[in-house]
Amino acid sequence: MPSRPPVDALRGSLDLLVLKTLSLSPMHGWGISQRVQQMSDGEFAMNQGSLYPALQRLEQDGLITSDWGVTDNNRQARYYRITAAGRRRLGKEVESWNKFSAALEAVLKTT
Amino acid sequence: MKWYDAVRARLRLLFARQAAESRMNQEFRLHLELEAEHLMHVKGLPPDEARRQAMMAFGGVETHKEAVRDGRGLAWFDRFSLDVKLAVRLLVRYPLLTLVAVAGMAFGIAAGVCGFEIRTQIVSPSIPLDEGSRIVGVRNWDGERVHVVGSDESDFIAWREQLTLVTDLSAARAFQRNLITDDGRSEAVAAAAMSASAFRVARVPPLLGRTLVEADEHPGGPSVIVIGHDIWRERFAGDPDVVGRTVRLGNEQTTVVGVMPEGFTFPVNHDAWVPLRINAAAAAGSPALLVFGRLSRQASPEQARAELDAAGLRIAAGSRGSREHVRPELVPFVRLFFDSEDVRIGLNLGNVFLVTLMLLVAANVALLMFARATSRESEIAVRSALGAGRGRIVAQLFIEGLALAALAAGVGLAVARFALRTGQATMELNSGQPLPFWRSDSLTPTTVIYALALTILGATIIGVFPALKITRSGGQARLRQSTAGGGGFRFGGVWTVVIALQIATTLMFPAAAFFFHRWVVAGQTRDVGFPADAYLSARLDFDRESIAGAPFDATEQAFNARVRRLYSELVRRVVAEPQVAGVTFADRLPGTGHPDWQIDLDDEARAAGRDVLSAAVAPNFFEVLGAPVLAGRGFTPADLESGRGVVIVNQSFVTEILGGRNPVGRRIRLRPAEDSPIPETWREIVGVVRDLGMIGNDSRQAGVYQPISPEQASALRLAIRVRGAPQAFAARLQTVASEVEPTLQIHELMPLDAVGAEGWVESQYMSRVLAVLSAIALLLSLTTIYSVLAFTVARRTREIGIRVTLGADRRRVLGTILRRPVAQVSLGIALGMVLVALIFAGLNESAPTATEAALIVVYSMLMMGVCLLAGVVPTRRALAVEPADVLRIDA
């Protein structure tokens, strides 16, 4: 069983993962949760429901927007879409994440 | 703009609460369905199992819902709605307190709102015309003598030529003439000779026909008139074919060319308009004009002002000496009629006073709320122990205050609107003419916002201050204290002062209302010395010149002769009417205000410069009024011509000025004011009559009558003795007058006893307002006193119980407990009596009668009684408590 990152880190990175997912294409809630799990290779096993407060938060911050749409098998679903502000944030977060992980790696290597 | 998006999203979420809930439910449902289908498909699970596992993967649905709701800001909303619910429940649970507090606050808010609205309507009224705020006036201002100088036609011509930033510069001159229709009806109307462009300034199209046009202004052109809606309806029965009909306006035949719509009374309260024809050759020194126009679209008031200043300098360069310092100035339209600058400070102070009054009322209500809140002290202590922060508790009490204040604001606004409406009606009745068209009996949006501000201010006082005081010390200590009993809050020294002041004010308020009422009643029912209700009165006015300003009579003598002729012809005709018993006139009629004149007595230096009331009357005045001459003789027609001045004095003159000595044969000198030159002629007192309702500034009634002929009187007021109801002769008088001379104007046609009463309408209104205010003040005060005192005593229940248990004498305990309230109340009553005495002195009234004195004593005793009751009831309850129960109290 792979080791799990601590909960706080997971929560912070959840936003990042959602933005990353939506940067590829608009998607409904369940789709996002599936994508996140696929992308993280099952590493981020979390309560799927936790996704929704995160989506709401991102929407309130103007990073994503949402609209009603229809799924492949013709069901009403709320589709989320990344905004320009969301893309900028994603870029910044990825950059700082990279910097941070590089720094962390460097530290870990010297030890 | 990230913050903007965020705020918008939050607001949308907050207000679309229902939609957000259903969206969340739908999303969650779809998620679970998709997950279950996915599990069935991928893992081949049966539907039930797939659904179970989907639920597990999702996590606690309710928890996530809560998280989403919290994120939406609904937690705050829920708390708020809970507070509101709680507040409303409290309002219902304490109905008396709610009633009193709402009545008090509503009164405070209504008073504040009325004050503000009146200030707005006087200082910066909005003109209810299209872009009314761009209508401006131009007037002359003498910078040296600091007052307004009338603008004549030459000013108007010069300004019109030089001003480009004020368009359609127009002028108007108001006048009154009889409007005489084909059916012989002749009634005075308030008309204006006005530039045709003024209709463009007003931007109101005619209802029928046309407005005035520039062509109408040519001297010598056909005479035309535009009539107002009221005249059209009343004098022409709303005839749709009125345009083209001819009528007479005073002496001139004129053709109706248009009818203006209802409510149009531009420039002030006018009902008919004729073209203003300017004679450029004789423009300088013409009668004064109102000059106004519209700021052009491109211009700001400052630019127009600068242009006018420059024009003013050019005009002044060629002006005469007396107008050296006179400059035109641009003012808001309404300042042409009423310079609000003069009263602005007074109005502002008045508003400060009213807000202070509202704050005082709020402070009173805060006391009530405080007493109630402290009785919930344990509840509050428990709540804070359970984790509610101070802010949270303060917020809750604020919401309670807000609920109360909001209720009061609703009532207050309705009351304010009613008061404004009735107040304006009263003013119109009192002045006998309509108020200007820009007066409004509804509240402006600014005033409503002001009311909201007052409401929040009030809510803060009645909610937050008690809350802050109650949550000041730590909750822990409070909890301990309240469970241990006793202690807690006590109304100490500050409260003694507050309660004493409260009682004093309460005592004073109804007393003031009572005195005012008595004064009004005394004024209204003052004995005028003859049966005034048997007389019809009217004011006569004679046209001196044509509408264009050309005098009808070549000389003043010719005018006087015409007045004399018309008056005697009118009297001859009126007296011939069967129901008329006599006709006379005076410049001022009994029951109305009379001016003060100064007199010197022939042989007494000490009477020099004393004020007496004065009236000029027809020789037959006393005879027609049925007022017997008590000493000496009455006036005769010969007194008018003899050139030897004679006067008649009234009884008060004899007692006040002469100390009861015989006046007949003595001589006096009369002058209108202290600084007017002392006249050469001495006038002989030839007779004495009883007091005939001369009203001055105070209660003194010494008066002097001079004989006068109709053409010399400054105003010609008729008094007609009628057999039967005077009002029944009113229409006939109009007819007779128009038969004598159609242009003869009859104003203020009413029974003589109503002439005086008119002046009292406003006072009567004020008296009623004061009575209502007193009742509210009384109610609020008594409730506050009762609740505060009852509360003080109730807080000591435990102490009383313990004392009694330990064997203290019940009566002594009662005495100890009541000592303080009794002292507070006595102090307040004593202070109140001083205030009442001051009011008495201030009104310069006679000493109170035995009944009034008794009333005041009964009144103070009533106050004392209520206050004592407030103490006795809870104390008795405390004395009756079983010792064992005492220890449980407050636990």
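Here are some notes:
- Summarising the overall dimensions of chain B from its C-alpha atoms, the Rg and Dmax are 38.0, 134 angstrom.
- Solvent-free Debye calculation, one equal scatterer per alpha-carbon of segment B:610-668: log10 I(q)/I(0) at 0.29, 0.30 Å⁻¹ equals -1.45, -1.46.
- Rolling a 1.4 Å probe across all protein chains gives B:Met766 an accessible area of roughly 100 Å².
- Sorted from greatest to least, the principal axis extents spanned by the alpha carbons of chain A come out as 55, 34, 21 Å.
- Two tests apply to each whole DSSP H helix in chain B, Cα reach of 30 Å or more along its axis and mean Kyte-Doolittle hydropathy of at least -1.0, and the ones passing both are B:17-43, B:95-123, B:341-375, B:390-431, B:493-524, B:761-794, B:810-842, B:850-879.
- Accessible area, probe 1.4 Å, largest first, for residues B:Arg573, A:Arg88: A:Arg88, B:Arg573
- Kirkwood Rh, angstrom, segment B:758-822 [1 / mean 1/r, Cα pairs]: 15.0 Å
- Only protein heavy atoms count here; under a 1.4 Å probe, B:Phe370 has an accessible surface of about 10 Å².
- Note on surface exposure: A:Arg81, B:Arg803 rank A:Arg81, B:Arg803 by accessible area, highest first, 1.4 Å probe.
- Calculated log₁₀ intensity ratio I(q)/I(0) where the Debye formula runs over C-alpha points of segment B:563-636, q = 0.13, 0.16, 0.24 Å⁻¹: -0.57, -0.79, -1.20
- Amide H contacts of B:Ala188 (H built 1.01 Å from N, under 5 Å, at least 5 apart or other chain): B:Leu179, B:Ile746
- Percent of C-alpha pairs per 10 Å bin, segment B:530-604, short to long: 13, 31, 29, 22, 5, 0
- If you take all other residues with their beta carbon under 15 Å from the beta carbon of B:Phe465, and give Lys and Arg +1 and Asp and Glu -1, the sum is +3.
- Spatially close Lys pairs in the protein assembly as shown, defined by Cα atoms under 30 Å apart and a spacing of eight or more places or different chains, total 14.
- Zone residues, segment B:819-838, relative to B:Ala853, backbone N less than 17 Å from point 7 Å out along Cα-to-Cβ: B:833-834, B:836-838
- Heavy atoms of A:Glu93: accessible area, 1.4 Å probe, square angstrom to 10: 80 Å²
- Charge sum, other residues only, whose C-beta stays under 13 Å from B:Pro707's C-beta, Lys/Arg counted +1 and Asp/Glu -1: -2
- Shape of segment B:494-653, Cα gyration tensor, a/c cut at 1.5: prolate
- Integer Hz, Karplus 6.51/-1.76/1.60 couplings in order for segment B:589-595, x for Gly and Pro: 9, x, x, 10, x, 10, x
- Quick note on segment B:608-723: its Rg to Rh ratio, both from C-alpha atoms and Rh being the Kirkwood radius, is 0.94.
- Residues B:Phe156, B:Phe353, ordered by accessible area of protein heavy atoms at a 1.4 angstrom probe radius and largest first, appear as B:Phe353, B:Phe156.
- Segment B:82-173: radius of gyration over Cα atoms, expressed as a fraction of 2.2 N^0.38 Å: 2.09
- All Cα-Cα separations within segment B:21-162 were binned at 10 Å from zero, giving a P(r) of 9, 14, 14, 11, 12, 11, 13, 8, 4, 4, 1, each value a whole percent of the pairs.
- 222 nm mean residue ellipticity, helices alone, for the protein assembly as shown (DSSP H n ≥ 4; -39,500 (n - 2.57); rounded to 500): -17500 deg cm²/dmol
- For the peptide A:60-72, the mean number of other protein chain Cβ atoms found within 10 angstrom of a residue's Cβ is 3.
- Using alpha carbons only, the radius of gyration of the protein assembly as shown set against its Kirkwood radius gives Rg/Rh = 1.12.
- Shielding by other protein chains, A:30-42, mean Cβ within 10 Å: 2
The values are calculated or read from the model by the stated rules, or taken from the named source; none is laboratory data. Given the structure is predicted, the values throughout are model-derived calculations rather than measurements. Note that each Cβ is placed from the backbone with ideal geometry, even for glycine, and that neighbours are counted across all protein chains shown. Heavy atoms of the whole protein, side chains included, go into the accessibility calculation; ligands, DNA and RNA do not. Shrake-Rupley method; radii C 1.70, N 1.55, O 1.52, S 1.80 Å.
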